[in-house]
Protein chains: 2
Amino acid sequence: MDGIGAHEVIIDTPLHSLDLSDLPTAALAEVLRMIGDRVRALEAEGWSAYVQVFKNKGEASGASIVHPHTQIVATPLIPGQVRDEIRAAERAFKRDHRCLFCRLIEEETSADERLVRRSDRFAAIAPFASRFPYEVHILPLLHAPNFSSLNGGEGIDLADMLRAILGRMKAAFSDPPYNLVLHQGARPDFSATRGILLPGVFHWHLEIFPVLTRAAGFEWGTGLFINPVPPEAAARFLRGEQELVQAEI
Amino acid sequence: MDGIGAHEVIIDTPLHSLDLSDLPTAALAEVLRMIGDRVRALEAEGWSAYVQVFKNKGEASGASIVHPHTQIVATPLIPGQVRDEIRAAERAFKRDHRCLFCRLIEEETSADERLVRRSDRFAAIAPFASRFPYEVHILPLLHAPNFSSLNGGEGIDLADMLRAILGRMKAAFSDPPYNLVLHQGARPDFSATRGILLPGVFHWHLEIFPVLTRAAGFEWGTGLFINPVPPEAAARFLRGEQELVQAEI
């Protein structure tokens, strides 16, 4: 492995005390466009295997900078956890001849128990095996392995959805610390050339969770997560249909 | 999978404000004996696949009880992360015809760069791929897959070592929150009967880390950990040979 990598910090707004959810839709869409531009630029350099986008807000989320910002890290390897996710998507595709995430969107929309929000282009879901209380995943309805394919119209739509979900969390949990994490496929050319992963099988999505509990000895020892809030209750709450379910254990 | 499990809380001491490192060696050895007794009792019930022992101290470690305590959780499955570790030990054994951890102890003792402490029966090592600043692993010198084999003499020896390491951390980091996590093989009978894992290939050990940094978006997204303190510096510091290395990023 080459000793190479990249780390970029995107300043979300010049205003020090704002959160993403405080930005007008157009300004938030511009942040998403900037992220897409930088991801594409890093991928075009050709040396990376994976590009990780994430946001840490508030001290308990692990943030070391207070000013609103988003980070991009490009790595020369596919992180083991990402590889496991891609492999699981591959196995599902080989079994079902369709995308695991496309199927998830369809089933969750139909069941309508864990669906938080849906627009013309995106679905927000409280995943059935949520690790964290009020965890939400946002997925594009149209299958796309990588975030870099996001276009302007999708950016506006995603900005609207992020504003709604982060705004609800901000109001409900008194401006909580949170993490926002992109999960996507390997860099497209990397997948295609190595032949070790089925290119295009992954379906990018954002994972968002307010930091209300902490990983403790059990989680570190097993990789299993104790979550006291059922995702169905989290979805009802985030849709505004139910009062808060206590997240303390 | 059966919907079955067990969760026990061991009160380490009647004194509310003490840490394990404040206990006399004999009292700490008694806590270890109690843990061993309860692990054996749970294993004897015959339904579990894995027994997880852990300790959360301080709010940032995830502790929800202030009084000094240790927890035991028995699960009807081998957690995925534990299975990955056991599989890695199996692969190493098949390749080298010896235990990965026995070899690690030998090599780390010989190199003497990351060795924190060594007694007649245990070695404490700052692992070369530490996830957390000042992470320490304590391993029995004599190969043993499961904690339940700990005998009285070993218990006294382990108590002495724990007192020294936790005491050093307590003094250095002003009584920090920490996690202590047992890693061990599957329940012995479970391994033997299922035939899916090479019984006896694992080598139990304790993992200890003060909570000085937090998992953030990058860690949650990739499973990779950013650790600003090299294990060699951590080992020197914990041996008392070097001043503190700043753990902030």
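The values are calculated or read from the model by the stated rules, or taken from the named source; none is laboratory data. Everything numeric in this text was worked out from a predicted model, so none of it was measured. Methodologically, a virtual Cβ is constructed for each residue, glycine included, from the backbone with ideal geometry; neighbour enumeration extends over all protein chains shown. Accessible surface is based on the protein model in full, side chains and every heavy atom, while ligands, DNA and RNA are left aside. Shrake-Rupley method; radii C 1.70, N 1.55, O 1.52, S 1.80 Å.
Just want the answer: with Cβ charges of +1 for Lys and Arg and -1 for Asp and Glu, which residue in A:Leu166, A:Val201, A:Ser64 is farthest toward the dipole's positive end in chain A? Working it through, the farthest residue towards the positive pole turns out to be A:Val201.
With charges only on Cβ, +1 for K and R and -1 for D and E, what is the dipole size of chain A about its Cα centre, in debye, rounded to 20?
Numbers: 25 positive and 32 negative charges, 91 e Å.
Result for chain A is approximately 440 debye, rounded to the nearest 20.
Remark: mean inter-chain Cβ contacts per residue of B:221-228 equal 6, using a 10 Å Cβ-Cβ cutoff to other protein chain atoms. Counting, for every residue in A:33-45, the Cβ atoms of other protein chains within 10 Å of its Cβ and taking the mean gives 0. Summarising the overall dimensions of the stretch A:1-47 from its C-alpha atoms, the Rg and Dmax are 13.9, 42 angstrom. Within 10 Å of the Cβ of each residue in B:54-63, the mean number of Cβ atoms contributed by other protein chains is 4. Considering only A:Val73, A:Leu18, A:Ala29, and ranking their Cα positions along the charge dipole of the stretch A:1-115 that arises from unit charges at the beta-carbon of Lys, Arg, Asp and Glu, the one farthest toward the positive end is A:Val73. The eigenvalues of the Cα gyration tensor, multiplied by 5 and square-rooted, give the stretch B:122-177 an equivalent ellipsoid with semi-axes of 23, 15, 8 Å from largest to smallest.
Roughly what percent of Cα-Cα pairs across the stretch B:20-133 reach past 17 Å?
On the way: 4658 of 6441 pairs.
When every Cα pair of the stretch B:20-133 is considered, 72 percent fall beyond 17 Å.
Keeping the other protein chains in place, figure out the carbon and sulfur percent of the accessible area of the stretch A:5-66, with a 1.4 Å probe. That share works out to 59 percent.
Taking only C-alpha pairs under 8 Å that are 6+ residues apart, what is the relative contact order of the stretch B:83-192 in percent?
Working: 83 pairs, mean separation 20.4, N = 110.
The normalised contact order for the stretch B:83-192 reaches 19 percent.
Taking Cα centre as origin and charging only the Cβ of basic (Lys, Arg, +1) and acidic (Asp, Glu, -1) residues, the dipole magnitude of the stretch A:49-178 rounds to 220 debye.
Taking the solvent-accessible surface of protein heavy atoms with a 1.4 Å probe, what is the per residue accessible area of the protein assembly as shown in Å²?
On the way: 21800 Å² over 498 residues.
Normalised by residue count, the accessible surface of the protein assembly as shown is 44 Å².
Within the set of other residues whose C-beta is less than 12 Å from the C-beta of A:Glu135, count the net charge using Lys and Arg as +1 and Asp and Glu as -1. List each step's numbers first, then the result.
Numbers: positive: A:Arg114, A:Arg131; negative: A:Glu207.
With Lys, Arg at +1 and Asp, Glu at -1, the neighbours total +1.
Helices that extend 15 Å or more along their long axis by alpha-carbon positions and average at least -0.5 on the Kyte-Doolittle scale are, among the DSSP H runs of chain B, B:25-44, B:100-111, B:152-172. Shape summary: the protein assembly as shown maps onto an equivalent ellipsoid whose semi-axes, from the alpha-carbon gyration tensor, are 40, 25, 24 Å in decreasing order. Restricting the calculation to Cα atoms, every distinct pair contributes to the Kirkwood radius of the stretch A:67-179, found to be 16.0 Å. With Cα atoms as the point set, the radius of gyration and Dmax of chain B evaluate to 17.7, 51 Å. Out of B:Arg117, B:Arg38, B:Arg214, any idea which swings most in a Gaussian network model of chain B, alpha carbons joined below 10 Å? Sorting by GNM fluctuation, first place goes to B:Arg214. Placing a label point 7 Å from Cα along the Cα-to-Cβ axis, A:Ala6 is separated from the same position in the other copies by 5.4 nm, shortest listed first.
Using only the heavy atoms of the protein chains and a 1.4 Å probe, how would B:Thr25, B:Thr222 rank by accessible area, largest first? Walk me through the intermediate numbers first.
On the way: B:Thr25 35, B:Thr222 0 Å².
Ranked list, largest accessible area first: B:Thr25, B:Thr222.
Suppose every K and R has +1 on its Cβ and every D and E has -1 on its Cβ; what is the size of the dipole of the protein assembly as shown about the Cα centre, in Debye to the nearest 20?
On the way: 50 positive and 64 negative charges, 176 e Å.
The dipole magnitude comes to about 840 debye.
Taking other residues whose beta carbon is less than 11 angstrom from the beta carbon of A:Thr13, and scoring Lys, Arg as +1 and Asp, Glu as -1, yields -4. Taking Cβ atoms as reference points and 15 Å as the exclusive limit, the residues near A:Ile72 contribute a net charge of 0, counting Lys and Arg as +1 and Asp and Glu as -1.
If you build the Cα gyration tensor of the stretch B:46-96 and take the root of 5 times each eigenvalue, what three semi-axes come out, in whole angstrom, biggest first? Write down the numbers at each step before the final one.
Working: eigenvalues 174, 44, 14 Å².
Its equivalent ellipsoid spans semi-axes of 30, 15, 8 Å.
To the nearest 10, the accessible area of B:Ser61 is 0 Å² with a 1.4 Å probe.
In square angstrom and rounded to 100, what buried accessible area do you get between chains B and A, total over both, with the probe at 1.4 Å?
Accessible area lost upon association: around 2500 Å².
Placing a label point 7 Å from the Cα of A:Gly58 along the Cα-to-Cβ direction, the distances to the matching points in the other copies come to 2.1 nm, shortest first. Once all protein chains are placed together, B:Glu243 keeps about 150 Å² accessible to a 1.4 angstrom probe. Take A:Asp96, move 7 Å from Cα toward the beta carbon, and the resulting point lies 4.1 nm from the same point in each other copy, nearest first.
The residue list A:Gly221, A:Phe190, A:Val53 was ranked by how far each Cα lies along the charge dipole of chain A toward its positive end, using unit charges on Cβ atoms, and A:Phe190 comes out on top. Look at where the Cα atoms of the stretch B:1-56 and of the stretch A:200-240 average out, and the two centres are 28 Å apart.
Could you work out the relative contact order of chain A, using alpha carbon pairs under 8 angstrom and six or more residues apart, expressed as a whole percent?
Numbers: 440 pairs, mean separation 61.2, N = 249.
Relative contact order of chain A: 25 percent.
Within the stretch A:104-249, the proportion of Cα pairs with more than 21 Å between them is 48 percent.
Mean sequence separation of contacting Cα pairs (under 8 Å, at least six apart), scaled by the length of the stretch A:1-114, corresponds to a relative contact order of 32 percent. Computed over chain B with a Gaussian network model linking Cα atoms closer than 10 Å, the most mobile of B:Ala164, B:Ala186, B:Ala126 is B:Ala164.
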